[in-house]
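Take a look at the structure set out below.
The values are calculated or read from the model by the stated rules, or taken from the named source; none is laboratory data. Values in this document were obtained by computation on a predicted structure and should not be read as measured data. Cβ atoms come from the backbone with ideal geometry, glycine included; neighbour counts cover every protein chain shown. Note: accessible area is taken over every heavy atom of the protein model, side chains too, but ligands, DNA and RNA are not part of it. Shrake-Rupley method; radii C 1.70, N 1.55, O 1.52, S 1.80 Å.
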Amino acid sequence: MPKVIFVQPDGTRQAVEIACGTSIMQGALANRIPGIVAECGGSMMCATCHVYVGQNDLARLAPPSPVENETLQSVVSERSANSRLSCQLMMSDELDGLIVCLPSTQS
Amino acid sequence: MTDSHTDAIAKVETSENPWSRDFLEDPYSLYARLRDKGPVVWLSSVGVWGVFRDADVREVITDWKTFGSAGGGGISNYYREKPWREPSVIFEVDPPDHTPKRAILTRILSPMALTKLRARLEAQADILADEVIRKGRFDAITEFAKPFPLKVVPDAVGLPEEGRENLLAYGAFVRRGRAHNWQQGWSKEDLDEAERVVDWVTGMCNRGSLAPNSFGSQIYDAADAGEINEHEANMLVRSFLTAGVETTMHSIGNTLFNLAINPEQGRDICSDPSLVKQAFDETLRFDSPVHVIVRNTMQDMEFRGIRLGQYDKVVAFIASANRDPLRWPNPDRYDLHRKPAGHIGFGTGIHGCVGQMVARMEASALLGAFFKRAASFELDGTPVRHLVGARGYASLPLTVKAKT
């Protein structure tokens, strides 16, 4: 199974296996990764599954949809060029080793 | 099996009708039986497929390429009968038409946009909570859960004060119009009343009826920016009026009911009102006002080995998925201490409820105001079920003691 590496604001790293076709948000919740709230459960409405994708990994992802882009305006921690909603990042073998940094707060 | 040329599994069916009054009090034991019957069950009394398990329901409501929305949001099949009203331009439509409208509503209803609304909601919630606490005995629906969204939602949409009671009447007609063979059983009076209510609603959705800086006027801003046309703007305002009032009212009512019949949890929330958000989402999992999301197959296909015909109705029972023991531990227990994130009481995917953050904000304002003031509360009489459409109560008598 491909892995995602979650990096907490204090630098703690945790590698987690996530099944292909599952969102990184769902994988984070299933593995009790702190810092993902996901209040809306993946409907792109709450902006509480915000992550910063590793700069070197950005090219591996399709760009955000117009709706994700709208919701990213609502993230509580600063929005950056590498901000994404983890509910929209679907796991695949191509994403193995993806680095995902958590913001200091989601709400 | 008559067709020996395929590997398709024989159709599983039932004559039990989940919409029958027999299941009004407890639809959940029927859902449990139908979850066990198979991944997709032919509901012969209605002529639709039913899907009851969490994994299957999720697939049906998120895979919009296979299960489309343009055939109508209810049992009435727009591929086979004329819709009661012009189909919704957001709810009853698939991408690419759906996408720009969803983006507009997402922007208007985003958490950031809603921060401006919070103070107004909390002020209104304080007024209502003070009133019911002063009374001591009150009806949690007619005096609390109903007047709140009926005030704050039309205010936010930008409607004038007069005539708002038409919104609930309109909602009732929309649901009747989504039923199978909706043309049957409407009296002359029904038709006249429906026409009057529709005229009122259509007028309210026009540019000129809406207050500045409201949700409604922001939709017309999107029309001015060329994102949608004038007619689509009118139709999007209509969606606010169909979707926003009754659902919120019943989710708040159902939260109070479930806390009242679980007194130890009622005590917990009175001593820690910050639990309201979790309690509200647990209610959306455990006892949501909306039980089904309806799609149509886009072509002849197989689903979990069962053959479905093109444009067949597939009814995804989200309220059953939220009780699926494969997804939730102790699914039939209301537990405000559980983490209910990931329930699909608001649906999910591209058609997931776009107003869900407003609903959460309304609930946390109103229920928060109540539990900050309440030392204890209990049922004081028999709740009366609301009969048509959303699942909830018409009347929910409570007594409450104030904190000293």
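Which residues does a label at B:R333 reach in the stretch B:39-61, if reach means a backbone N under 12 Å from a point 7 Å past the Cα toward the Cβ? No residue passes the distance filter.
Annotation note: GluC sites (Glu not before Pro) in the stretch B:161-221 located in DSSP loop regions with a Cβ neighbour count of at most 14 within 10 Å are B:E161, B:E162, B:E165. Highest mean first, the peptides B:381-388, B:228-235 sorted by other C-beta atoms within 10 Å per residue fall in the order B:228-235, B:381-388.
A Stokes-Einstein calculation at 4 °C with viscosity 1.567 mPa s, built on the Kirkwood radius of the stretch B:191-311 over Cα pairs, returns a diffusion coefficient of 70 µm²/s. Solvent-free Debye calculation, one equal scatterer per alpha-carbon of the protein assembly as shown: log10 I(q)/I(0) at 0.07, 0.10, 0.11 Å⁻¹ equals -0.39, -0.82, -1.01. Over the stretch B:3-402, the reciprocal of the mean inverse Cα-Cα separation, the Kirkwood hydrodynamic radius, stands at 22.0 Å. Taking both sides together, the accessible area buried where A meets B is about 1500 Å² for a 1.4 Å probe. Using a 1.4 Å probe on the protein chains only, how many percent of the accessible area of chain A belongs to carbon and sulfur? Roughly 49 percent, rounded to a whole number. If R0 is taken as 51 Å, the Cβ-Cβ distance between B:A394 and A:D10 corresponds to a FRET efficiency of 0.45. With R₀ set to 25 Å, the beta-carbon distance separating B:D380 from B:D130 gives a calculated FRET efficiency near 0.80. Once both labels are positioned 7 Å from their Cα atoms along Cα-to-Cβ, the gap between B:L387 and B:H231 label points is 3.8 nm. Per residue, chain B reaches -13500 deg cm²/dmol at 222 nm when only DSSP H runs of four or more residues are counted, each adding -39500 (n - 2.57).
Backbone geometry of the stretch B:221-233 corresponds, through the Karplus equation with coefficients 6.51, -1.76 and 1.60 at θ = phi - 60°, to 3J(HN,Hα) couplings of 4, 5, 5, 4, 7, x, 6, 9, 8, 4, 5, 4, 4 Hz, x marking Gly and Pro. Counting only other chain Cβ atoms within 10 Å of each residue's Cβ, the peptide B:109-120 averages 3.
Roughly to the nearest percent, how much of the accessible area of the stretch B:3-402 is carbon and sulfur, given a 1.4 Å probe? Heavy-atom surface of the stretch B:3-402 belonging to carbon and sulfur, 1.4 Å probe: 53 percent.
Overall dimensions of the stretch B:286-404, expressed as equivalent-ellipsoid semi-axes from the Cα gyration tensor (√(5λ), whole Å, largest first), are 36, 16, 15. For B:R385, the amide hydrogen comes within under 5 Å of the amide hydrogens of B:A394, counting only partners 5 or more places away or on other chains and with H modelled in the peptide plane. Take every Cα pair under 8 Å whose residues are at least 6 apart in sequence, average their separation, divide by the length of the stretch B:1-113, and the relative contact order is 16 percent.
Peptide B:351-358 shows a mean partner chain C-beta count of 4 within 10 Å per residue C-beta. Counting, for every residue in A:34-44, the Cβ atoms of other protein chains within 10 Å of its Cβ and taking the mean gives 6. Heavy atoms of the protein chains alone define the surface here; on that basis the protein assembly as shown has 42 Å² accessible area per residue at 1.4 Å probe size. Each peptide in B:213-220, A:72-79, B:10-17 was scored by the mean count of other Cβ atoms within 10 Å over its residues; highest first, the order is B:213-220, A:72-79, B:10-17.
Please work out, to two decimal places, the log10 of the ratio I(q)/I(0) at q = 0.15, 0.18, 0.20 Å⁻¹ from a Debye calculation in which every Cα of the stretch A:1-75 carries one identical scatterer. So the normalised log intensities work out to -0.55, -0.81, -1.02.
For B:G50, the residues 5 or more places off, or on other chains, whose built amide H falls under 5 Å of its own are B:V41, B:W42, B:L43, B:V315. Sketch the reach of a paramagnetic label on A:M1 as a point 7 Å from Cα along Cα-to-Cβ, and name the residues of the stretch B:341-385 whose backbone nitrogen lies under 19 Å away. Within reach of a label on A:M1: B:342.
Could you compute the net charge surrounding A:P34? Neighbours are other residues with a C-beta less than 14 Å from the C-beta of A:P34; K and R count +1, D and E count -1. After counting each charged neighbour, the total is +2.
Where in the stretch A:7-46 does the label zone of B:K65 land, with the point 7 angstrom along Cα→C-beta and an amide N cut-off under 16 Å? Once the point is set 7 Å along Cα→Cβ of B:K65, A:21-22 turn out to lie under 16 Å by backbone N, inside the stretch A:7-46.
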